[in-house]
Amino acid sequence: SVKNAYAKRVAWYEDSMSEKLENEAKLLLEVKQALKNREFVPYWQPQCSTRTGRIVGLEALVRWQHPERGIVMPGAFIPVLERNGFIASLDLYVWDEVCRNLRSWIDRGNRPIPVSVNISRADLYAIDVVETLEDLVSTYGLDHRLLELEITESAYAEDRKMAEAVRQLKALGFTILMDDFGSGYSSLNMLKDITVDVLKIDMGFLNREDDTQRSESILEAVVSMARLMDLRIIAEGAETKEQVDFLQEIGCDYAQGYYFHRPMDTEQIEALLGQPNAVDFRGVLSPLMDL
Ligand code: C2E
Ligand code: MG
Ligand code: MG
Ligand code: MG
């Protein structure tokens, strides 16, 4: 009967819900243990000049080196941690690892380049993000310009608390990048009172099969608007030479994507940075020559 079928559906729904919750609870326990075992590592993906291909900065992207499952990508655990108020413990760990590596690169006599880390909206509700980041750079004795902060457009737009944190972080001397720009609903409206330094254009604009022409026009418009507003731009997800040529043509000076480099582990990035002329120390925001 209909009623029976309905009851079955509800029961199925409840089963799959509780299964999902059980899986999430299990994952959270695993993550807690994995943090203790130091199974999380930062991978590093270069941000490059579209003209020269030289590296101007890095983004730190977390990977879970699982003893049985191998490398686990952030998509498999970050959203769960965000939903459960747990992301801050991972981010604290990642930010610390990034600063520790920067310190060690400097101590070994290398000229440092800026590394950006990702900040989740949920971090704001678990820790004092501003104080934490300030403590980190001072503990490791780093210039504020070396630790750049990526905040997604949606977190910035949807939460006054995030906009306020950004204001304070900027006042302290941190550089702010708006991640996934253009993926939200209010991108243009938000630009009116924006206080960030760099827009990272969402990779959806470069990698669309359906309406390439239109995406390219939007990209071009965003680049010229950013120039008028004195904002720097990094295009995300540049995978082909054609895309990089196009970016260069429309005046987008920087890009991050597989065409240049995939995210890589610490040993690999150190080897890459050590190659002659790999790095352009002028950086996305220029005044790094004195570091
Ligand atoms: P995101 O911050 O927007 O990072 C860019 C993502 O695009 C990365 O995925 C990167 O590997 C990928 N990517 C880079 N170039 C290309 C390309 O040419 N083509 C394609 N298809 N993809 C490209 P990943 O590493 O899987 O990270 C996914 C997301 O997870 C990140 O997006 C970020 O939102 C989040 N995330 C990563 N690490 C952390 C972290 O330590 N903390 C927090 N809170 N979030 C993180
Ligand atoms: Mg990012
Ligand atoms: Mg400083
Ligand atoms: Mg992004």
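The values are calculated or read from the model by the stated rules, or taken from the named source; none is laboratory data. In this text the structure is predicted, and so the values were computed from the model without any measurement. Don't worry about glycine lacking a Cβ; one is built from the backbone with ideal geometry, like all the others, and counts go over all protein chains shown. Areas reflect the complete protein model, heavy atoms only, side chains present, ligands, DNA and RNA absent. Shrake-Rupley method; radii C 1.70, N 1.55, O 1.52, S 1.80 Å.
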Flag if Ser183 is of a type in the set (Ser, Thr, Tyr), open to solvent by 20 Å² or more (accessible area, probe 1.4 Å) and touching an Asp or Glu at 6+ places or on another chain (Cβ under 9 Å): yes
In the set Glu158, Glu148, which member is within 16 Å of ligand 3 (Cβ to nearest atom) and under 19 Å from the mean Cα position of the chain (by Cα)? Glu148
Options Arg227, Arg232; residue that is away from ligand 1 (no atom under 16 Å from the Cβ) and crowded, with 18+ Cβ neighbours inside 10 Å: Arg232
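Scan segment 138-152 residue by residue and report those that are of a type in the set (D, E, K, R) and either open to solvent by less than 10 Å² (accessible area, probe 1.4 Å) or within 16 Å of ligand 4 (Cβ to nearest atom) (or both). So that I can check it myself, show each step before the final result.
The initial filter retains those residues of segment 138-152 that are of a type in the set (D, E, K, R), namely 143, 145, 148, 150.
Correct list: Glu148, Glu150.
Considering only residues that are in contact with a strand residue (DSSP E or B) (Cβ under 8 Å, 6 or more places away or on another chain) and open to solvent by 20 Å² or more (accessible area, probe 1.4 Å), look in segment 186-205 and name the one that is farthest from ligand 4 (Cβ to nearest atom). Write out each step before concluding.
Step one: of segment 186-205, the residues in contact with a strand residue (DSSP E or B) (Cβ under 8 Å, 6 or more places away or on another chain) are 187, 194-203, 205.
Then keep just the ones that are open to solvent by 20 Å² or more (accessible area, probe 1.4 Å); that gives 194-195, 197, 202-203, 205.
Numbers: Ile194: 17, Thr195: 19, Asp197: 16, Asp202: 6, Met203: 7, Phe205: 11 Å.
The extreme case among them is Thr195.
Determine if segment 155-167 includes at least one residue that is among the hydroxyl-bearing types (Ser, Thr, Tyr), within 16 Å of ligand 2 (Cβ to nearest atom) and closer than 20 Å to Leu102 by Cβ.
Within segment 155-167, the first condition is being among the hydroxyl-bearing types (Ser, Thr, Tyr), and the residues that meet it are 156.
Checking the rest, the ones that are also within 16 Å of ligand 2 (Cβ to nearest atom) come to 156.
Next cut, closer than 20 Å to Leu102 by Cβ only: none.
No: zero hits.
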Identify, from the list Gly204, Gly237, Gly251, Gly274, the residue that is among the small types (Gly, Ala, Ser) and within 21 Å of Glu148 (Cα to Cα). Gly237
Mind counting the residues in segment 105-147 that are touching a Leu at 6+ places or on another chain (Cβ under 6 Å), away from ligand 1 (no atom under 11 Å from the Cβ) and in a strand (DSSP E or B)? 1
Go through segment 70-96 and report how many residues are in contact with an Asp or Glu (Cβ under 8 Å, 6 or more places away or on another chain) and open to solvent by less than 10 Å² (accessible area, probe 1.4 Å). 2
Restricting to segment 158-179, count the residues that are surrounded by fewer than 18 Cβ atoms within 10 Å (Cβ to Cβ) and under 14 Å from Val198 (Cβ atoms). 1
Among the candidates Leu21, Leu61, Leu29, single out the residue that is surrounded by 15 or more Cβ atoms within 10 Å (Cβ to Cβ) and out of contact with any Cys (no Cβ under 9 Å at 6 or more places or on another chain). Leu61
Can you name the residue in segment 98-137 that is touching a residue at least 12 places away in the same chain (Cβ under 8 Å) and of a type in the set (Gly, Ala, Ser) and is also least open to solvent (accessible area, probe 1.4 Å) among such residues? Ser116
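Conditions (1) basic (Lys, Arg); (2) more than 16 Å from ligand 2 (Cβ to nearest atom); (3) in contact (Cβ under 8 Å) with a residue 24 or more places away in the chain; (4) over 20 Å from Ala126 (Cβ atoms), marked per residue:
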residue: Asp15; (1), (2), (3), (4): no, yes, no, yes
residue: Leu29; (1), (2), (3), (4): no, yes, no, no
residue: Ala34; (1), (2), (3), (4): no, yes, yes, no
residue: Thr52; (1), (2), (3), (4): no, yes, yes, yes
residue: Leu61; (1), (2), (3), (4): no, no, yes, yes
residue: Gln65; (1), (2), (3), (4): no, yes, yes, yes
residue: Ile71; (1), (2), (3), (4): no, yes, no, yes
residue: Tyr93; (1), (2), (3), (4): no, yes, yes, no
residue: Asp96; (1), (2), (3), (4): no, yes, yes, no
When Ala171 is evaluated against the numbered criteria (1) within 16 Å of ligand 4 (Cβ to nearest atom); (2) within 24 Å of Glu134 (Cβ to Cβ); (3) among the hydrophobic types (A, V, I, L, M, F, W, C), which criterion, by number, is the only one it fails? (1)
Could you say whether any residue in segment 75-90 is out of contact with any helix residue (DSSP H, G or I) (no Cβ under 8 Å at 6 or more places or on another chain) and within 28 Å of Leu273 (Cα to Cα)? yes
Would you say Ala155 is buried (at least 22 other Cβ atoms within 10 Å of the Cβ) and in a helix (DSSP H, G or I)? yes
